[in-house]
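Quick notes on the structure that follows.
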Amino acid sequence: FRGGSFLDGILSTKANVDGNNATKKLTAMINKSKFKPQLRCIFLDGIAVGGFNIIDIMELNKKTKLPVIVIIRKKPDIENIKRILAKLNKKSKIKLLEKAGPVVPAGKIYIQLAGIGMEKAKEILKIACTRSHIPEAVRLSHIIASGIVDGESRGKA
């Protein structure tokens with residue numbers, strides 16, 4: 001996405017449900033992409049994909065050399081998530097949650113950051129959020145994904 005106005009391309013990859021390969025898959029997808037030279041920031045819709053396949057945002061930032069902004073619509077109960085993971089004996093996933101740093105408010109959403117400061121992140125969000133409080137790239141990816149998975153997109157993108 002160019003700012004919040006122009007869709008230049010779409011990337012996709014597959015990660016295991018509740019697996020451990022999301023960071024590796026995203027890193028490879030981004031670094032191999034013809035769009036990589038144009039990219040200035042990575043937006044993620046949450047820190048996990050496929051259930052509890054948690055993305056190591058610090059590693060993603062390091063390996064792609066791009067700042068990462070995790071978009072979270074509602075404040076998560078991190079302590080409850082940690083309790084669930086502990087019961088499932090998923091200590092490595094708890095460490096990834098802790099490594100990701102604090103979830104902080106940014107207007108009507110919450111964010112986590114890697115490789116970028118809060119002020120710069122807010123500047124980027126101001127440019128990228130053209131139709132709602134969610135960056136347009138994240139909003140559109142949600143619409144596309146729900147259309148593919150469910151056969152029709154839902155209303156709350």
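Here are a few things to note about the model shown:
- Filter result for the condition that a residue is closer than 17 Å to THR23 by Cβ, surrounded by 14 or more Cβ atoms within 10 Å (Cβ to Cβ) and either at pLDDT below 95 or within 13 Å of the chain's Cα centre (by Cα) (or both), over ILE78, ILE57: ILE57
- Residue list for segment 103-157, restricted to those being at pLDDT below 90, small (Gly, Ala, Ser) and assigned to a loop (DSSP other than H, G, I, E, B): SER153, GLY155, ALA157
- Filtered residue count, segment 10-43, keeping only those that are surrounded by 16 or more Cβ atoms within 10 Å (Cβ to Cβ) and in contact (Cβ under 8 Å) with a residue 60 or more places away in the chain: 3
- Matching residues in segment 1-45 - criterion: being acidic (Asp, Glu) and not in a strand (DSSP E or B): ASP8, ASP18
- Odd one out for PRO135, checked against (1) without any contact (Cβ under 8 Å) to a residue 12 or more places away in the chain; (2) buried (at least 19 other Cβ atoms within 10 Å of the Cβ): (1)
- Counting the residues of segment 46-79 that are of a type outside the set (Ser, Thr, Tyr) and in a helix (DSSP H, G or I) gives 9.
The values are calculated or read from the model by the stated rules, or taken from the named source; none is laboratory data. Nothing here was measured: the structure is a model prediction, and the numbers come from that model. Every residue, glycine as well, gets a Cβ built from its backbone with ideal geometry; the counts of neighbours run over all protein chains shown.
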